[in-house]
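Worksheet for the structure shown next.
A short reminder: the numbers here are calculations on the coordinates, not readings from a lab. All values reported here derive from a predicted model rather than from experimental measurement. Counting neighbours? That spans all protein chains shown, and the Cβs are built from the backbone with ideal geometry, glycine included.
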Amino acid sequence: MKITVSGGRGFIGSHLVAALQEAGHAVSVLSRTANNSGNVPTFVWDPGAGLPPAESLAGADAVINLAGEPVAHRWTDEVKKKIRDSRVLGTRHLVEGMGQAAVKVLVSASATGYYGDRGEEELTEQSARGDSFLSGVCEEWEAAADGAAKLGIRVVKLRTGMVLGAGGGALARLVTAFKTKMGGKLGSGTQWMPWIHMADLTGIFRFAAEGEISGVLNGTAPNAVRNDAFTDALGEALGEPTKISIPEFALKMMFGEMSEVMLASQHVIPENTLASGYQFQFSEVGAAVRSALGVSK
């Protein structure tokens, strides 16, 4: 297949592009900055500004949409606007561009932020959205992707949890905290924490692009864990103690409204993903953390 990946130079995107190429697909990338290093054609695109270049979609069988401003920093009104517009307007622009090409499949990222803070409730792809800022963004983001279905394009929306992979993301920040003796559970540590290994996330994106499924998939491992259990697994893999905890009030002082993401409890189950036939490589968090860190038992 010929596949265009928006946001293909980011943390997830770079891993996904490599996985798609390894599987024999021809891949091109949409990115905010020009970078034609290696053998991956790159087309410059600002998601919020307008349609992607027509040549970036010409001949593409599938588009995988990862574009979006990072959320892991303190939110201001301006930052929140960028988070929303980069996803919602960006996806609308992408879909409009796809309507002028012959693309057959759109696999669009979303996030478990869709569910908000839900305590002990088990959450599947059929669960209602939450009432947080990110819940609203995710709902609009997915609705923008659904616009492609009106053009006869098969649409898959993948709600991802925290991604465990080498070279970046939340795991890299947590490792830094542990190595400076500042690693520990967040708040009470009892909140459920959806996670997924990078190999499975890229595997699900590929599975969705190549197959015949449509609709919502949870991009999370089958076995969600509580924050304190994840913290213990990371501390054990690093050989670092996990005695401290970061109080809820401290997180709110440091990160403001964004701290809600760190403290939210989401017991997410990938019901549709498992039913689709996808076989997870990593279902146990300890093995996933060690693999992402390159640490043997």
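Where the centroid of each part is defined by its Cα atoms, how far is region 116-175 from region 248-278 in Å?
Centre-to-centre (Cα) distance: 10 Å.
Report the per residue volume, in Å³, of the convex hull enclosing the C-alpha atoms of the chain.
Convex hull volume per residue, Cα atoms: 126 Å³.
Between S245 and S296, what FRET efficiency follows from the Cβ-Cβ distance if R0 is 25 Å, with the result rounded to 0.05?
Once the sixth-power term is evaluated, E becomes 0.30.
How high is the FRET efficiency between H73 and N39 when r is their beta carbon distance and R₀ equals 41 Å, given to the nearest 0.05?
It comes out at approximately 0.80.
Can you tell me the FRET efficiency between L263 and L151 if r is taken as the Cβ-Cβ distance and R0 is 45 Å, rounded to the nearest 0.05?
0.70
May I ask for the angle, rounded to the nearest 10°, between helix 198-210 and the longest principal axis of the chain, with both axes built from Cα atoms and the value confined to 0 to 90°?
Between the helix axis and the principal axis of the chain, the angle is about 30 degrees.
So how do L293, L174, L30, L20 line up by other beta-carbon neighbours within 10 Å, fewest first?
L293, L174, L20, L30
If we restrict to alpha carbons, what Rg and Dmax does region 39-119 come to, in Å?
Rg then Dmax for region 39-119, in Å: 14.5, 46.
Considering the chain as a Gaussian network with a 10 Å cut-off on Cα pairs, which listed residue, N272, N227, N39, attains the greatest mean-square fluctuation?
N39
Which loop trypsin sites (Lys or Arg not before Pro) in region 179-245, with loop taken from DSSP, have no more than 14 other Cβ atoms within 10 angstrom of their Cβ?
Here the trypsin sites (Lys or Arg not before Pro) that fit, given the DSSP loop and packing criteria, are K181, K243.
Using 7 Å Cα-to-Cβ label points, what is the K181/Q100 separation (nm, one decimal)?
With each label point 7 Å from Cα toward Cβ, the separation is 5.9 nm.
Residue by residue, what Karplus-based ³J(HN,Hα) values in Hz, rounded to whole numbers, does region 172-178 have, using 6.51, -1.76 and 1.60 with θ = phi - 60° and x for Gly and Pro?
4, 5, 5, 4, 4, 4, 5
By a straight-distance test (C-alpha under 24 Å), which lysines pair with K82 as possible cross-link partners, with residues fewer than eight away in the same chain excluded?
Answer for K82, where 24 Å is the Cα cut-off: K157, K252, listed by chain and number.
Within the chain, what percent of beta bridges assigned by DSSP are antiparallel, to the nearest 5?
Counting only bridges with both partners in the chain, antiparallel ones make up about 5 percent.
What dipole magnitude, in Debye to the nearest 20, does the chain give about its Cα centre under +1 on Lys/Arg Cβ and -1 on Asp/Glu Cβ?
660 debye
Compute the relative contact order of region 150-297 as a whole-number percentage, counting only Cα pairs closer than 8 Å that sit 6 or more residues apart in sequence.
About 34 percent, as a whole number.
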